[in-house]
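Asks: Please read through the structure below; I'll follow up with questions.
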Amino acid sequence: MAPFPTPVAVAATDADALTDPQRALLARLQAYTPDAPDAPLPYSRRLAEAEHWPYAHALAVIDEYKRFAFLAQAAGHPVTPSHAVDAAWHLHLQYTREYWSVFCADVLRAPLHHVPGAGAPDEAAKYEQQYRQTLDSYRRLFGCEPPAAIWPRPLGELADAPAQRAEPRVGPSGERAAPSRAARARGWRRVAKFAWPAAAVSVAATCACASDFNVLDLPGPEFLAFYVPLCIAALLLIAGLQWIEYRYRAWGTRARESSPDLSAEEAAYLAGGGARMAQVATLSLVHGGAIELVRQANGWRVRIGDPQHAGAYGADWEWLRKQLGGETSCHAFRQHLAWREGHCEVALRRKGWLWAPGEMRAAWMAARAILLLVLGAGAVKLAIGLSRGRPVLLLMIFMAAFMAAYHFVVGRLPGIGRGGVTHGGQAALDAHRNERQGDRATPDGLLWTAALFGAGALAGTVWAEHLDALMAPPPVVAAKTGGSSGSSDSDAGDSSSSSCGASSACSSSSSCSSSSCGGCSSS
């Protein structure tokens, strides 16, 4: 792993590549560290724990993150981070005051924003191209190859040495890297291009076959006796196809090796939604001493404690500090924590733990084709009945009922009509439950108990005193409006960009790669 370059080293590599301001920027980046010297759990350690990396690898990723920040200013075109660099960036964004007031203001001397992309169909290919340009600029400005363990090569790019093979994000696996998201997106677009013509041909073929078997010539009651079971079979087939894709694509749009293990907060969201996630966040802050739970006559209150232990919840601690007397009701604090739900959901989808609605493209397109087939057969029979002057009201009712049943069924299928936990995510939750069952001897075990089994499972433990505060009604309202932090810069940093998205974006002409972190665009 090449160390972070000094200005002298870079100048020796390519004397004409950098200007004096760029060399000065390199010097500032070399001297900069995101680790607070007095923090019990500094940024680098937190990054290693969050991503389940060896500490040495986390330090190497931080060096590459600083190189990426330099490229954002010096490359002269939109740049795109790798998946690992993006993870370091997202965690850094959670330290909002330090990120905006020190890193951007004093080190970069320019803003480096991270906002969601537009989700356009052609974004994946665009971001993959930007990622390739970023690697080229890396070679041009730093005079060396980007380390493949942190900067995976785009699909189709030949490696010159075994060390340049794209490696998975988490740990050595010995397996080849999965195809990039851009390549998968192009494959789905090719399939979708022919989906509707194929569906139309299928409708015509079905009607022709039905005509050959004289189904369409059956009297009304006999056709209905055929059509109703057909509708039921169609709904069962849709559910079966969804189940097959759910099992086959166990990690959503991600390969298994790119999905790191769950954190307690993520497990809480998967197991119990935003309300449980807020409970776990509160317990984490209470245990660290960053906040205190105080019982008063008008109910439980949350009061500020030691800010040094707020960690990733620094923005939430700052919000609490700004409240009158540095305290607020438990309900208001949980409502404030609910802003994290949207960011956590996007991050879980990116890591392969959650399905987004409509993300099961194969099952979704098959469901639409089946809908067309069934309604097409009914429409042909309807036309025949009208041409013969026969009553068709009952057939119209059954067709409308099938349409309603279709939307009811599809709307409840994870990955098609709604989001939901992936098969791999559910298996990981079950494995954690088996491993953590009865683990209540340590604070970490108690935190996981609350995440996996709910706050009620803390009854009879040393944390039982917090139950009344955690479970006091009313429940959390999902207010996804963004969280406040210690300053206006911090507000912007937290509310728009503190967590990963399935697609994400950066400015100072920078953006995330579809082949690495999901894709983003600059603002």
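Asks: For segment 143-152, enumerate the residues that are buried (at least 22 other Cβ atoms within 10 Å of the Cβ) and modelled with pLDDT under 90.
Replies: Once the filter is applied, which keeps residues that are buried (at least 22 other Cβ atoms within 10 Å of the Cβ) and modelled with pLDDT under 90, segment 143-152 yields only Pro152.
A quick yes/no check of all residues on (1) touching a helix residue (DSSP H, G or I) at 6+ places or on another chain (Cβ under 8 Å); (2) within 18 Å of Phe226 (Cβ to Cβ); (3) assigned by TED's automatic domain parsing to the domain that holds Ala268:
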| position | (1), (2), (3) |
| --- | --- |
| Ala356 | yes, no, no |
| Gly376 | yes, yes, no |
| Val380 | yes, yes, no |
| Arg388 | no, yes, no |
| Leu394 | yes, yes, no |
| Val409 | yes, no, no |
| Arg412 | no, no, no |
| Gly424 | yes, no, no |
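Asks: Of the numbered conditions (1) in contact (Cβ under 8 Å) with a residue 40 or more places away in the chain; (2) touching a His at 6+ places or on another chain (Cβ under 6 Å), Gly288 satisfies every one except a single condition; which is it?
Replies: That leaves (1) as the condition not met.
Asks: Let me ask something else. In this structure, does Leu447 turn out to be in contact (Cβ under 8 Å) with a residue 60 or more places away in the chain and more than 30 Å from Gly288 (Cα to Cα)?
Replies: No, not satisfied.
Asks: Out of the residues in segment 317-329 that are free of Cβ contacts under 8 Å to residues at least 40 places away in the same chain and among the hydrophobic types (A, V, I, L, M, F, W, C), which is surrounded by the fewest Cβ atoms within 10 Å (Cβ to Cβ)?
Replies: By that ranking, first place goes to Leu324.
Results for (1) buried (at least 16 other Cβ atoms within 10 Å of the Cβ); (2) in a helix (DSSP H, G or I), shown as yes or no for each residue.
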residue: Leu25; (1), (2): yes, yes
residue: Leu47; (1), (2): yes, yes
residue: Pro81; (1), (2): yes, no
residue: Ala88; (1), (2): yes, yes
residue: Leu93; (1), (2): yes, yes
residue: Asp106; (1), (2): no, yes
residue: Leu112; (1), (2): yes, no
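Asks: Being surrounded by 15 or more Cβ atoms within 10 Å (Cβ to Cβ), over 25 Å from the mean Cα position of the chain (by Cα) and in a helix (DSSP H, G or I) narrows it down to one residue among Gly378, Gly456; which is it?
Replies: Matching residue, one of Gly378, Gly456: Gly378.
Asks: Then there is this: Among the numbered conditions (1) without any contact (Cβ under 8 Å) to a residue 40 or more places away in the chain; (2) exposed (fewer than 15 other Cβ atoms within 10 Å of the Cβ); (3) touching a Lys or Arg at 6+ places or on another chain (Cβ under 7 Å), tell me where His407 comes up short.
Replies: His407 satisfies all of (1) without any contact (Cβ under 8 Å) to a residue 40 or more places away in the chain; (2) exposed (fewer than 15 other Cβ atoms within 10 Å of the Cβ); (3) touching a Lys or Arg at 6+ places or on another chain (Cβ under 7 Å) except (3).
Asks: Quick check: anything in segment 330-341 closer than 28 Å to Ala469 by Cβ, among the polar types (S, T, N, Q) and surrounded by 19 or more Cβ atoms within 10 Å (Cβ to Cβ)?
Replies: Checking segment 330-341: not a single residue is closer than 28 Å to Ala469 by Cβ, among the polar types (S, T, N, Q) and surrounded by 19 or more Cβ atoms within 10 Å (Cβ to Cβ).
Asks: For the list (1) under 32 Å from the mean Cα position of the chain (by Cα); (2) in contact (Cβ under 8 Å) with a residue 12 or more places away in the chain; (3) not assigned by TED's automatic domain parsing to the domain that holds Gly299, I need the number of the one condition that Glu341 fails.
Replies: Every listed condition holds for Glu341 apart from (3).
Asks: Can I ask one more? For segment 432-455, enumerate the residues that are at pLDDT below 85, more than 16 Å from Glu265 (Cα to Cα) and not hydroxyl-bearing (Ser, Thr, Tyr).
Replies: Glu435, Gln437, Gly438, Asp439, Arg440, Ala441
Asks: Follow-up. Among the residues of segment 362-374, is there at least one that is in contact with a Leu (Cβ under 8 Å, 6 or more places away or on another chain), hydrophobic (A, V, I, L, M, F, W, C), more than 29 Å from Thr422 (Cα to Cα) and not assigned by TED's automatic domain parsing to the domain that holds Ala267?
Replies: yes
Asks: Moving on. Kindly list, by first and then second residue, each pair from a residue in segment 351-375 that is part of a helix (DSSP H, G or I) to a residue that is at pLDDT below 85 and of a type in the set (S, T, N, Q), limited to pairs with Cβ atoms under 8 Å and residues at least 6 apart or on different chains.
Replies: The qualifying pairs are Lys351/Ser258; Lys351/Ser259; Ala369/Ser202; Leu372/Ser202; Leu373/Ser202; Leu373/Thr206.
Asks: In segment 389-404, what count of residues is obtained for those that are loosely packed, with under 11 Cβ neighbours inside 10 Å, aliphatic (A, V, I, L, M) and part of a loop (DSSP other than H, G, I, E, B)?
Replies: 0
The values are calculated or read from the model by the stated rules, or taken from the named source; none is laboratory data. Nothing here was measured: the structure is a model prediction, and the numbers come from that model. Quick reminder, even Gly has a Cβ in these numbers, built from the backbone with ideal geometry, and neighbours come from all protein chains shown.
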